[in-house]
Amino acid sequence: MKYLFNEEKEYDLIAIGRACIDLNAVEYNRPMEETMTFSKYVGGSPANIAIGSSKLGLKAGFIGKLADDQHGRFIESYMRGVGIDTSNMVVDQEGHKTGLAFTEIKSPEECSILMYRENVADLYLKASEVNEDYIKKAKILLVSGTALCKSPSREAVIKAVGLAKKNDVKVVFELDYRPYSWESVEETSVYYQLVAEQSDIVIGTRDEYDVLENKLEGNNEETINYLFHHSPELIVIKHGVEGSYAYTKSRETFKGHAYLTKVLKTFGAGDSYASAFLYALLAGKEIETALKYGSASAAIVVSKHSSSEAMPTVAEIEQLIAERTEKVEVK
């Protein structure tokens, strides 16, 4: 089964939300207290997805707010350099700073992120800075959950979703739950449900759907029964090494297997999964194939040092899928 988009639109995907700085530990297998050097990359879930999409050949744009500082200029320059339209990235004039994420790589199983997210520029994007004429040019508006955690970013995103619905733009909600950004799970659930119920495609981990539904331990059947009473047409639920599931409103179910790889770090997998999954759908591939693209892309990124810089090409994804398929056939 294929998922259809409005082919007359100029942009394949426009993302809205945070673009920040990742500072990834250069020294592996040690705690952050002992780490002395870090490498700088662009980070933030929607920025990573836009970068991943652009590297896969999609025409991508971005709506966000950047700090008026060296980090903000680095982000804009990097994103423009990989082919993303940055014309709707607003420069903050009120002294807010760029968000920073320091990553610790103790082992493939023990990775942590230390976030600096106080008064960050991306959460000060205003509804008045969201342009309908820009959004209407996209096949997809990609929204990530963290942008809903504070006002005025929250209202800007909700406005963008409304404009997308009005202009035949598919809304993709990547749940992107970061607990440190929110006051409580109850608050998160309120805004996640508000946006999920208006979205066309929802993507997240099983744990993130539990937050959306404010449940300790939900299950996929309950999730799809709830969301399919609203706008969603396609729901993707990821279960880590157990693979992922895609459910359609017509009640078809597709299973995607995880590709095992030599893991360096755990972060970046979700963003690379989303960009490759959406690329495959936009390229007219079957949903089952799109799950393979998402899983392969995630496997590639967790084996490398960065998130944004490590986003793979179509050739790299297809090579990994082909190699694993051959191994299965040989067995």
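The values are calculated or read from the model by the stated rules, or taken from the named source; none is laboratory data. Bear in mind the structure is a predicted one, so any value in this text is a computation, not a measurement. Using ideal geometry, Cβ is built from the backbone for each residue, glycine included, and neighbour counts are taken over all protein chains shown. Ligands, DNA and RNA are excluded from the accessible area calculation, which covers all protein heavy atoms including side chains. Shrake-Rupley method; radii C 1.70, N 1.55, O 1.52, S 1.80 Å.
A few remarks follow.
- Per the listing E197, E183, E213, the residue uniquely of a type in the set (D, E) and within 24 Å of L114 (Cα to Cα) is E183.
- N119 satisfies every condition listed in (1) in contact with a Ser or Thr (Cβ under 8 Å, 6 or more places away or on another chain); (2) farther than 24 Å from P312 by Cα; (3) not β-branched (V, I, T) except (1).
- Filtered by the rule that a residue be without any contact (Cβ under 8 Å) to a residue 40 or more places away in the chain and either assigned to a strand (DSSP E or B) or within 24 Å of A47 (Cβ to Cβ) (or both), the range 274-297 gives A280, A283, Y293, A296.
- Out of K331, K285, K304, K327, sole residue that is of a type in the set (K, R) and at pLDDT 85 or above: K285
- One residue stands out among those in the range 223-263 that are open to solvent by 80 Å² or more (accessible area, probe 1.4 Å) and assigned to a helix (DSSP H, G or I): the one that is modelled with the highest pLDDT, which is E242.
- The listed residues are E76, E132, E104, E94, and the only one of them that is open to solvent by 40 Å² or more (accessible area, probe 1.4 Å) and touching a strand residue (DSSP E or B) at 6+ places or on another chain (Cβ under 9 Å) turns out to be E76.
- Elements of type strands (runs of 3 or more DSSP E) contained in the range 13-72, each with 2 or more residues being surrounded by fewer than 17 Cβ atoms within 10 Å (Cβ to Cβ): 38-43
- Residue, farthest from the chain's Cα centre (by Cα), within the range 1-12, restricted to residues that are at pLDDT 95 or above, surrounded by 14 or more Cβ atoms within 10 Å (Cβ to Cβ) and in a loop (DSSP other than H, G, I, E, B): K9
- Of the listed requirements (1) out of contact with any Pro (no Cβ under 9 Å at 6 or more places or on another chain); (2) open to solvent by less than 10 Å² (accessible area, probe 1.4 Å); (3) not in a strand (DSSP E or B), V190 misses just one: (2).
- All of (1) open to solvent by 40 Å² or more (accessible area, probe 1.4 Å); (2) touching a strand residue (DSSP E or B) at 6+ places or on another chain (Cβ under 6 Å); (3) without any contact (Cβ under 8 Å) to a residue 40 or more places away in the chain hold for F173 with one exception: (1).
- Where S87 falls short, out of the listed (1) open to solvent by less than 70 Å² (accessible area, probe 1.4 Å); (2) part of a strand (DSSP E or B): (1)
- Cβ-Cβ under 9 Å pairs, at least 6 apart or on other chains, the range 93-108 side free of Cβ contacts under 8 Å to residues at least 40 places away in the same chain, far side open to solvent by less than 20 Å² (accessible area, probe 1.4 Å) and in a strand (DSSP E or B): H96/K65; H96/V120; K97/V120
- E155 being over 26 Å from E288 (Cα atoms), modelled with pLDDT of 95 or more and either open to solvent by 40 Å² or more (accessible area, probe 1.4 Å) or of a type in the set (F, W, Y) (or both): yes
- In the set A25, A19, only one residue is touching a residue at least 12 places away in the same chain (Cβ under 8 Å), among the hydrophobic types (A, V, I, L, M, F, W, C) and within 24 Å of F173 (Cα to Cα); that residue is A19.
- Sole exception among (1) assigned to a helix (DSSP H, G or I); (2) in contact (Cβ under 8 Å) with a residue 12 or more places away in the chain for D210, by number: (2)
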